[in-house]
Structure formats: C-alpha cells, structure tokens
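The values are calculated or read from the model by the stated rules, or taken from the named source; none is laboratory data. Since the model is a prediction, treat every value here as computed from it, not as a measurement. In this analysis, Cβ positions are derived from the backbone assuming ideal geometry, glycine residues included, and neighbour counts consider all displayed protein chains. Keep in mind that these areas ignore ligands, DNA and RNA; they rest on the heavy atoms of the full protein, side chains included. Shrake-Rupley method; radii C 1.70, N 1.55, O 1.52, S 1.80 Å.
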Amino acid sequence: MSAPAVPVTAPQGTLRLPRWAVLAGIAVLFTVGYLLYRGTGTLPHDDEAAPFLFINDARETIDAGRNENPLFLYLINYLRLFTAGLYDLLEVGLTALGWPGLIGVMGALGWLAGGWRIALLAAAGFVSFGVLGLWEASVLTLALIVAAVLLALVVGIPLGIWTGGSARVRRLITPVLDVMQIMPTFAYLAPMVLFFQIGPASATVATLIYALPVTIRITALAIEQVSPTAIEASASLGATRRQTLRKVQLPMARETIALAINQTIMMALSMVVIAALISAPGLGSDIVRGLSRANVGFMLPAGVAIVIMAIVLDRMTMAAARRRVSDRVSYVAAGMLALAGLALAAVLPAEFPEEWRISFAGPVNDAVTWAKFSWYDVTTAIKNISSEALLNPLQGLLTSAPWWLVAAAVLAVAWWSSGVRPALTALGCLVAIALLGLWEHGMETLTTVLVAVALTLLIGLLLGIAAARSLRFSAVQRPLLDAAQTMPAFVYLLPALALFGATRFTAIFASVIYAVPPVARLVEEGIRGVPPTVVEAAVSTGSTSGQLLWKVQLPMARRAILLAANQGIVMTLAMVVVGGLVGAGGLGYDVVSGFVQRTDFGMGFTAGVATVLLGIMLDRITQGADRRPSP
Amino acid sequence: MAAERSSASDGAVIEVAGLWKIFGPRSERVLACSDKDLDPAALREKTGCTAAVRNVSFQVRPGEVFVVMGLSGSGKSTLVRCLTRLIEPTAGEIRIGGEDVGSASPARLRELRRHQVSMVFQHFGLLPHRRVIDNIAYGLEIQGMARADRYRRAREILTLVGLDGHADSYPDQLSGGMRQRVGLARALAVDPQVMLFDEPFSALDPLIRRDMQAEVMRLHREVGKTMVFITHDLSEALKLGERIAIMRDGSIVQLGTAEELVGAPVDDYVADFVRDVPRSHVLSLRWICRDPESDEHLDGPVLPADMIIRDAIPASTASARPIRVVQGDELVGVVDRVDILTAMTSDAGAPAVHAEKASA
Amino acid sequence: MKIGSRVHLLAGVLTLGIAIAGCGGAKVGEGTGSAAPQASSGAPAAAGTVKIAINPWVGYEASAAVLAHVLEKEGGVKVEKKELTEQVSWEGFETGEVDVIVENWGHPEEVKKFIDEKKVALSAGSTGNKGVIGWYVPKWMADRYPDITDYKNLNKYADLFKTSESGDKGQLLFGDPSYVSNEEAIIKNLKLDLKVVTGGSEAALIEGATQAQQQKKPLLFYFWNPHWLFSRVELARVSLPAYTEGCDADAKKVACDYAELDLDKIVSKKFADTGGKAYQIVKNFQWTNEDQNSVANDVQNNGLSAEDAAKKWVDANPAKWQAWIPQ
Ligand SMILES: Nc1ncnc2c1ncn2[C@@H]1O[C@H](COP(=O)(O)OP(=O)(O)OP(=O)(O)O)[C@@H](O)[C@H]1O
Ligand SMILES: [Mg+2]
C-alpha cells in the first residue's frame, strides 16, 4: 500500500509527526469545530422523511398487486407454495416417525456420522426435547431447519462452486454477500412478510436467505483451497472440467464443504427465534412469548432445546465430515437403532410420556426474581453509570454536532487509518445515511456500537491474553468458548433481559457476551501464532514477560487483533439491532418497529439499509487498517 | 516400441518452434512490438508482464530422454506445461507425434493428454481421497475404461514401480518416495508415448532421489518412452539426459549432450552451471587427447575416444606408456598419466573450462 | 450429449409452460377463484385445527386461553396458538396462517384493507370487553401533585420524569413496539416536553408501575384497561383532550385521548365460511372485563399456566361459557 496519506504530512527530511499526533490533531480540530458550531447543522429525526414515505407507497403498490403482478403470479407465489410444500412434507414425515422413531433415526444417523458416542449424544439430545416438554415444538423446528438448510444447500453449493472457480463471479458476488451478512436479520422480516406473507414458507425463506451467504462463502473457499497441482494433474491426464470437478475438486473439498453445511445449519438455528416472529412453527415462539412477557422461566427450556439441537447437529456434521467411510458394523448398528426406534414407536404412546417431563420454569423464575432483587443495586448502578458516563455524553456529542463535522471527522480518521479509498467509502456511507433521513438514529446506533465494541475488545483482549499466557486458563476457557459459539445469538438476550430489563444497556450487554468469544479466540490465536523463535529471541535479550507482551506479542498479533475488532463490530452491529427488541433505540428500534407497525415499514426498511451502511463504514475503517504495513 | 509409432517426418516426437509465453495483461501486444526483447526486469516494469518462455525451439527424438535445466524462475515449468497447453502458449508452434497441438480442438487436446502425453509433478498431485490403486487408475477412469480392466492395468503398473501390496493404502500413508512412484505409475498407466517430468524428485531426500532416478532409468530401458525431464539438479541431468537444454530467463542458452556442455559451455552462465561437475566423470578421452609428441612410444594400450576419462584410469596406471585413443581404427591422439591426473585434479577446483576449451 | 441436454431443456420449458398455462399463476388467499393448489399448512379450519393468534399482552392471552379451552373441549377441534404481534396477525388471514384474532383494538387500517378490500376476514362480534388506552401515573403522584392528571400541567412536571434514557425530557414509558400508539403525535401536537421510551413489553410497564407506586418513584406510562393491575396497584389516569369522533382520523394530527373501544373478534373468511360449531363458539364468545382480569391475574400472579387458569375459570363459570355453545 502507499505511504500513509495523512492530511498533515511533514515534508521529507524534516521531523515527521508520530501517528498518534495526527489522531490527536483530528480530535482537537473536532473539539474546536464542535464548540463553535454545536447545535447547528444537526439532522433531527423525522418519522415522515421522504424516503420512508416513498417506500411505504411502494409497499402498498406491491401489496395490492399480489394477485395481479406477473412476478407474484408466476414466481413468488409458486416459490411460496413450493417451500410450504417442502416444509409440510418434512413436518409430516418427521412427525410420522413418532418420538421413539425419530430418536432412533437420529441415533442411527449419529452412529453413521461418528460411531457410538455421537449416536448416544444425538439420541440423548432428542430425548431431552421430550423431557423439557418441547417434543412437538422441537420436531417442527427441526423440520423448518431441514427445509431451509436443504434449500440453502441446493442453491448455495452450486453458487459456491461457481464462485470458487471463477474470479469474475467472485468479484461480482462478494459485495452482495457482504451486504447480506451485515444486513440485520430483523430488517428483512418486513419485506419477507410483504412478499411471502407469514407462515412456515416465509420463515423458511427468511432462514434460507440468512444462511445462504455462509453456504456460498465456505463452499467457494473449499473449492479454492483444492491443491492446484491435483487439478493440473487431472487436466494433464485429459479430464474434462466436469470430470475434474466431480472426481477431484468436490471430493477434495469435501471436508470444507461439510463445514459449510455445518455452518449453514448453525446459521439456520440462530434464525429460529426471529423467524418465529413471522409465524415459524416450533421452539422460537416460546422464546418470543417469554421475551414479550419478560418471563425467563418460560423461554429458558426452549432456549436450552435450541442449544441442544445446535450441539447435536454440530457434532454430527463435524463427525461426518471427518469420517472417511463407514464400515459394515456401523451400518448394521445404525440400522438396528433405527429399526428399534421405529418398532418402539408402534408400541409406545404417541405422545412423549408426561411422567418423564421435568419443568423448571418455576425455580428459574424464582432464581431470576432473586437475582433481580439481590443484584438490583449493582445492575442498576452498572446500567446508570454506563448510560450517564458513556452512552449519553457520546450520543449527545454525535447528535448535537453538525453532521458535516462528524462526517469530516470520520473521513479524517478513516484516511488516517486506512488510506484514501476506504475513507471515501466511509464518507459515502455516512452521507447516504444522512440522505436516507436516519442521521440521528444512525448516530444513536453508532454510539451503542462504539461502546459495545470498546467493551467487547477490552474483555476479549483480556481473556485472549490470559489464555495465551496460561495453558490452564486456556484449557478451561476453550470449551466454554466452543459452547458459546454454538449458541444462537438470541439466547444471549435472556440473561441480559433478566438482569437489566429493557434498556439500551441490555442490548450492549447482550452484544458483548455475543461477540466476546470470537474476539477472545482470535486474540489468543494471534498471540500464540507469534513464532517461537521470535519469542525466544526476545527472551534471550532479557525482556520481562510484560515487555514481551507489549513489545513483541501484541504488535505481532496486530493483524489478528484487528481482525477481531472487525468481527466484533459486525457481530455487535447484528446484536444491537436485535437489541431493538429489548430496548435499544436508534436504527434497531426503527427496524423492529418497521416490522410490527405498517406505517413504519418505510422507516424500518431504510433503517435496515442504514445499518448496512454503518457496518460498511466501520468495516472500512478497521479493515483498511489491517491491510496497512505494521508501523 | 512406443517410439516406432512416431510419425513425424524427420523422426522427432516433439517439435517446438518459436515458442513464447508471456504472462500478464495484453500479452499479445507485448509480443507484437519490440518490448519482447527487453530484459525481464525492464519488461515487468514497463508492461507488467513476465516473459516466462522466449522464442524456444527444440526437437525431441523418439525414445530420447531430453532434459531441461535452469535456475529457479527460468521458465522450465512453463515450457513443459505449454507442450500440452496446460498453460496456453502466447505464440509458437508445437507438434507432438506430428500433430499440431496449437490448433487442436479441446476434444482433440484431451485425446492427446489422455493417450499420448502424461506428466509427473514435483508435488506429486495425488488425489488424497483415493486409494493408491484408484490414483493410478485415474487416467484410465476418465477415459471411460471399465473398472475391472483399469484395475488390472493399474496392478500391472503397481508391480512395475515396485509398490505391490500398497494398492489399498491412501497417499498420506506413503512416504514421499512411494508417493512419487504412485505419480509415476499414474502417468505410466495410460501407456503414453511421451512422459513429461517437472522436477519430479526435487522434493525427495538425496537417497530416495537416487533410487528414483535409477527407477526412471530402468523404466526407460524397459518401456522405452520418450521423456522430457525438468530438473535444476545438474547431476540428475547428467545422469539421465541424453541431451540437455539449459534455460535462462525463458530462453534456451545451450542445447547439447552432457559432454558438450561441460566441454564447451557457450557462455559464463552455462560454465557456471557445470563448474562443479567432475569433468573426469563426464568428458571422454577425446577432450584431453593430444597429438603424440615425436619422442613418444605409440605402443601403449588402446582405448576408444568416447571412453569416460575416469574409466581410463586403470589402463593408464597399468602401463607407463601413453594411451592411444582411437575412433574406430583411426588414431585420434594420445593421453598419458599426467594428462589424466590433470583432468582429475581440475574436478576439485574450478578451472576455467571455458578458457581451456577455447585453447583446445 | 449436447442434444441430450437440449432435449432436457426443452422438456423443462414445456412443463413449466404447461404448468403456467394450466394454473394461470398462483394467487394468494381465496375469493380469487384460483386453481392453484393450497399448501396444507395454509389450510383453514377444515382440517380440524383452529389457529388463534396470540397478541403479546396477558389480557388477550386470558381470553384466548379460555376460548381455546372451550373450543377444544366442546368444539371438537384442535387449537394452534400463534405468538404474533397485532398487525402481523392480520397478514395471516390471507394465507390461512391465522383463523382468529380474539381481541382486536380497533385497527381501522387493517379493517379497511383485509375486511373491506381483500375480503379475507370479518368481524365476529364483540368480546364483551370494553377497552381504553391511556396515560397513567402512580396514585401517590396524583396525591402529591393533584394537578398532574391534567395534560396541560405535564410540562411543569416533566423534570420529575427524566431518566437516563430520556435525556433532557420527561420519560413516557411505552410497552411493546407493536402496540397501538398515538404517543408521538400527541406529544408533538400538544407540545409536551416528553420523550417516548420503549420498555419493550407489557412486563416492563407492569414492573415500572408497581415499583413506582411502592417506592414512590415518579413514572408516566402508557397503559390500558381492562387490566388486572388496577386491582393490585393504584393508578391515576392523566386526562388528555377528550376524544371526539374522528379526532384520531389522521394519525399525524392526533391531539386527543384514545377512544373507548368495543373490543371485537376477527376471524378469517375461510374459517367463517365453514360455519361449523367452532366458528359459532368463537362468534358467541363474550365475557366481562372482570372475567378477563381474573384469568389474567391467575396467569400473571398465581403461577398458573394460561391453560390451567382457563380451566379454572371454565370450571367455576359453567353458565357463562355454556351460553356460547350453539344448540
Ligand atoms: N501463472 C503465472 N502468472 C504470472 N507469472 C508466472 C506464472 N507462472 C509463472 N510465472 C513466472 O514465469 C517465470 C517462470 O516460471 P516457471 O515456474 O516456469 O519457472 P521454473 O523454471 O519452473 O522455476 P522453478 O525451478 O522454481 O520451478 C517466473 O518468473 C514466474 O514468476
Ligand atoms: Mg518449476
């Protein structure tokens, strides 16, 4: 990359300003500008902004044309019917197995995937759905997941293969995937209702769309990773492209494609709750119900069931990916398991036996009430201090400063950290947010995100450093992080809501616990990735372990840490919008409101777009910094 | 036997004429103007292109082992890949078995790759998800051969390369040397007329490499394939090659037998290349014999002119008389003990072969 | 091979063409005379299942639970409850995802669109409940500041209501984002120094109100009647300019209080057209605010599940529900 294109560059030969001085300069200029112009050039929020109204009108037109517009008649409505049919088929099929049958079949699949351990895990996991009293809801959720994942694979794997094989397609598709991934899940619920209405079909499509970018990305990666020599060897023997694809690329990409499937399932599972808002059947609706009643005891069993389903499916797919071929013994064992289950299904009652169920809603609610009361002072203090000391001043600053001053500051910071092009992109995003009529709410969300990211990075860095320096700490932390990363995002709202009620801080708290695991992990890996020879060299010069950390390990892990920041931002942003459900204001609330109030449709849709713009802006600032050479 | 199938007019299996490969944007345009003659750094600076192969021409005779040598980045791999258009050449003519490869249709090209030319790679290029037997049979499989037939053929080849008993292993269960045997077997299985080797042994350790070289020589004797062998290891080149082409920055700077290269390098680059070669191991008596001096006795032992110097040592130590070097019945010159010793001592140091040749 | 693939393509295009020509495209909902196949998940009550939307407040849940209980017990149908917000529930009428909305709070826009225009739904009569939305303060505030219950004096007391979430304005605590709301317009048009802060749920309102009264903390909040809370916590309503017919016609210009509504049931046309026993029960369902409050109170405060609370009420009030059963 070119040398830092800083606005204030000292001429060659004279004293060069240190990097931080430039940043300080920007801060000083901003402060001066703020003091001079505060309160002018603000863009207060208006519920009736032109873009919102325009989209509202568009919505009405589309809605009215549902039975006339050829796009609906010949495409969308058929898609809906097809998806609904697929879902019904799966639902009927899975239900018909009966609970012993399904447990047996899952055990059998588990055995095929990874031997008796996985079989046991799968069977026990599914038994637990019954024990939690959620058998039917779990089966419906499973049907929805399977339908969405199947469709995502049917669409995503070919697209991924295409992308992996062609640089041009990749260039075309990457920005689309970027947008899809930054787009808050909530933001496409409202359009989903518009096009597919509510019900399993639209829930399946929403889940599909959410999971698709991951399917495509990882499949493409899998194809790209195949050793070029193997492909060349195949070509040198006169294989056609299709032969090479089928006999070389696909088999060699198998493990990574299995990872794509695994991740697709995980993404789909984390959509379960949100999809419940558009009438997806299954576990999600219990959680939605619990959220709207602030009743943790009610949603906890469903939350636990989702996590168990995630763990079972995760371990099963991962084991299947690693396994080369199943021997005859596994087939026999699996077949017997499945048959045993089906045979039992014929004998045992159709409903999961009442006596086997346990309910812990009561004790959980008692515990939550207890925690709420006994920690009330602490949680309120945390909430109030962070709001008064961090959130409000920052938000006040960003919303009362003239918009051009904020834009100039963003431009300068992005330029400083990433260079001209990213800076211009960031500026473009910010201006677009202003033009969309969402400046004020955008600034509110930016505040929440900044605070959440700062906390996330702080905690993630501490945990990551601790883990990198102590093997024992790492050994304890690792399985916790593993479990945390398997959990669907929504689960994190539960404790947040229980402790803090519905406020902005709740969203921050939830996003921090959501985003810390990957950050901690990236930091740990970054520090561990520092070559031992370098560490050895540093130690041999007599560095203390603190010096080693500050002067060697952290600077060398800079890439990983910046990547962690980047990830943290994207995840936080996603969560802050979901946080609209539990009291986060700004764009998140607009999106939520746009979904539940028809008159806010335009605003909600636009807020979704604005969130993406905000995400791209933050991404450019951090990602650009990542590409620059180390100082 | 394979060589006899060759139908080229003048008996060459591979004919390359004026071959160019330029990597980078708008390579045709570079070729059309004088930029193509710039040196590599200047060319890259000016156009962003790399000329990996420049105006290369050569012919390979049936049954010959043709070695291409050169430093890293000199374009060897590119050259060999251009032969079957695994890399699309920018310009030039290539004929294999008399057929114009450059203008072959994709289907025709596939036929060529399936039946006539096969390749062995530096990093093996094995398919890790297939058993050894399936790797070997891969070429036959994509030709559409029935399973039983291709397994039978693959087993024969497996025996030929000495991997009996490993048919059901996976590549990652084999050692490096064994893996390359699989690579070799895969190339052999389709019974090609020509085999291309791109530094096949450079990833192996020296002992195994020596084994594998012996293996290739044995195979060459047994199956008599035409081979193009890329290496940057000179001793390997000398061991295997009948003729050796030395490449530098994409061009062939010298093409000849080992003896010619060592005895008469055309420039410093080549001389530098061959400088560590024990001359007595490569050069024949022809290169050191001189006219007999008047007082010398011409009744010493008789040796042929193409005998390697090293092999003449026993004879020279057995007799005090100068050795008579003959070509057929004709006397070419004489060599005495001192001449041979001089040639031997020059092995250790680095005499200016170039200069000596000039004086010869 | 090339020919083969072309034949396939042709066959595909043909089938698609035939399918399209045969169906004339797939349409949504009924009343369109479409021949398109109906997915069974979109099938109406004929399958023996009644789909009831559950809107997110406990009074609604109480009504729905009792209705569901009676439907399953006497109507011979299975009831599926769908946890949905108000406006989203209406969307379900079109696809058959929702058969019944038990307690509808006005929603003139939806009525116009789904009942009058699309004709996929209709009203099934009053629930017997009278509903009214309003702004409330805890009783202690009305005692200490007697004039606070008049909106004109709210600005005088705005400082009392300030919180960390409302910045320099007074906080008006709102509930679930999906609730019927004129708050923004009222604040703007009456020039009140207030900011709407969304608590996110009914529970947040209840908790806020309870704490405010117990700990004598100031709070101004959105609430509604019927609600069991009134029997537990003393609240005072703030009077806004009185409601007059049509004062809320233009959502942007609202500057008056909410109307008292006769809450009604909305059913899908498909469900109504079956005319079966289940539909009759829904149509006849009627009870009082007290009935609803007692069930809701059991759910919220006595640890009963909605189903158990409904059963308890049904067991205790046979006369009331037997009147709903068609003869
Ligand atoms: N795909 C490519 N795109 C651009 N340049 C290339 C490409 N492949 C090779 N080159 C360039 O062409 C030149 C010759 O490369 P080549 O791989 O043929 O060298 P080589 O003689 O085989 O070297 P080595 O002994 O290291 O294998 C190098 O300068 C290389 O950078
Ligand atoms: Mg090479």
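Counting 0.36 nm for each residue step from A:ALA483 to A:GLU388 and taking away their Cα separation leaves a gain of 30.8 nm. In sequence order, region C:318-327 has phi-based couplings of x, 4, 5, 7, 5, 5, 7, 6, x, 7 Hz under the Karplus curve 6.51 cos²θ - 1.76 cosθ + 1.60, θ = phi - 60°, and Gly or Pro positions carry x.
For the listed residue pairs C:LYS188/C:LYS217; A:LYS247/B:LYS76; C:LYS112/C:LYS169; C:LYS82/C:LYS130; C:LYS195/C:LYS312, the alpha carbons are over 31 angstrom apart in C:LYS112/C:LYS169; C:LYS195/C:LYS312.
By accessible area, using a 1.4 Å probe on protein heavy atoms only, chain A has 70% of its surface on carbon and sulfur.
Per residue, region A:275-318 exposes 21 Å² of solvent-accessible protein surface, assessed with a 1.4 angstrom probe and all protein chains in place. Rolling a 1.4 Å probe across all protein chains gives C:LYS269 an accessible area of roughly 70 Å². Peptide B:107-115 shows a mean partner chain C-beta count of 3 within 10 Å per residue C-beta.
Here chain B has 50 percent of its accessible surface on carbon and sulfur atoms, given a 1.4 Å probe and all protein chains in place.
Here r is the Cβ-Cβ distance between C:SER231 and A:LEU462 and R0 is 60 Å; the resulting FRET efficiency, rounded to 0.05, is 0.75. Between B:ASP268, B:ASP295, B:ASP211, the GNM of chain B built on Cα springs shorter than 10 angstrom shows B:ASP295 fluctuating the most. Summing charges over all other residues whose Cβ lies under 12 Å from the Cβ of C:VAL196, with Lys and Arg as +1 and Asp and Glu as -1, gives -1. Largest accessible area first, the residues B:GLU45, C:GLU83, C:GLU74 order themselves as B:GLU45, C:GLU74, C:GLU83 under a 1.4 Å probe with ligands, DNA and RNA left out. Name all residues of region C:122-136 having a backbone nitrogen under 13 Å from the label point set 7 Å from the Cα of C:GLN280 along its Cα→Cβ direction, giving them as ranges. No residues fall inside that zone.
For the peptide A:194-202, the mean number of other protein chain Cβ atoms found within 10 angstrom of a residue's Cβ is 6.
Computed with a 1.4 angstrom probe on protein heavy atoms, the A-B interface buries about 1800 square angstrom of accessible area in total. Sorting B:ARG221, B:ARG179 on solvent-accessible area from highest to lowest, probe radius 1.4 Å, gives B:ARG221, B:ARG179. Ordered by 1.4 Å accessible area with all protein chains kept, B:HIS129, C:HIS227, B:HIS123, B:HIS232 run largest first as B:HIS123, B:HIS232, B:HIS129, C:HIS227.
Using a Förster distance of 51 Å, how high is the FRET efficiency between C:ALA319 and A:LEU53, based on the Cβ-Cβ distance and rounded to 0.05?
Details: r = 53 Å, r/R0 = 1.04.
That gives a FRET efficiency of 0.45.
Rounded to the nearest 100 Å², what is the buried accessible area between A and C, both sides summed, probe 1.4 Å?
Summed over both sides, the interface buries about 4300 Å².
Each residue of region B:286-303 was assigned a 3J(HN,Hα) from its phi angle through the Karplus curve 6.51 cos²θ - 1.76 cosθ + 1.60 (θ = phi - 60°); the sequence is 3, 6, 10, 6, 9, 5, x, 7, 4, 8, 7, 7, 9, 10, x, x, 9, 10 Hz, with glycine and proline shown as x. For the pair B:ALA32 and A:SER166, a Förster radius of 45 Å applied to the C-beta separation gives a FRET efficiency near 0.95, rounded to the nearest 0.05.
Between A:PHE82 and A:ILE358, the simple label model (points 7 Å from Cα in the Cβ direction) yields a spacing of 4.6 nm. Listed by chain and number, the aspartates and glutamates whose C-alpha is less than 13 Å from the C-alpha of C:LYS283, apart from same-chain residues fewer than 8 away, are C:ASP99, C:GLU103, C:ASP264, C:ASP273. Measuring between their Cα centroids, region C:174-246 and region A:111-155 lie 44 Å from each other. Across chain B, C-alpha contacts under 8 Å between residues 6 or more apart give a mean separation that, scaled by the residue count, equals a relative contact order of 17 percent.
Place a label point 7 angstrom from the Cα of B:HIS297 along the Cα-to-Cβ direction, then list the residues of region B:317-344 whose backbone nitrogen is under 14 Å away. Backbone N within reach: B:318-324, B:337. Averaged over peptide C:84-96, the number of partner chain Cβ atoms lying within 10 Å of each residue's Cβ comes to 6. Between B:ASP164, B:ASP276, B:ASP191, the residue with the greatest mean-square fluctuation in the GNM of chain B (Cα pairs under 10 Å linked by springs) is B:ASP164. Does region C:132-238 classify as rounded, prolate or oblate by the C-alpha gyration tensor (a ≥ b ≥ c root eigenvalues; a/c under 1.5 gives rounded; else a/b over b/c gives prolate, otherwise oblate)? Since a/c stays below 1.5, the shape of region C:132-238 is classed as rounded. Straight-line cross-link reach from B:LYS36 at under 16 Å between alpha-carbon atoms covers these lysines, not counting any fewer than eight positions away in the same chain: B:LYS21, B:LYS46. Here the contact order of chain C, divided by its residue count and restricted to Cα pairs under 8 Å and six or more residues apart, works out to 25 percent.
Counting Lys and Arg as +1 and Asp and Glu as -1 over every other residue whose Cβ lies under 14 Å from the Cβ of A:LEU102, the net charge comes to -3.
Distance between the 7 Å Cα→Cβ label points at A:SER470 and B:GLU88: 6.0 nm. For region C:132-238, the relative contact order comes to 43 percent (Cα pairs under 8 Å, sequence separation of at least 6). Projecting label points 7 angstrom from Cα along Cα→Cβ for A:ALA340 and A:VAL378 puts them 4.6 nm apart. In the protein assembly as shown, the DSSP beta bridges split such that about 55 percent are antiparallel, to the nearest 5.
Among the DSSP helices (H) of chain C, those spanning at least 27 angstrom by Cα along their long axis with an average Kyte-Doolittle hydropathy of 1.0 or more are C:2-23; this is a geometric and hydropathy rule only.
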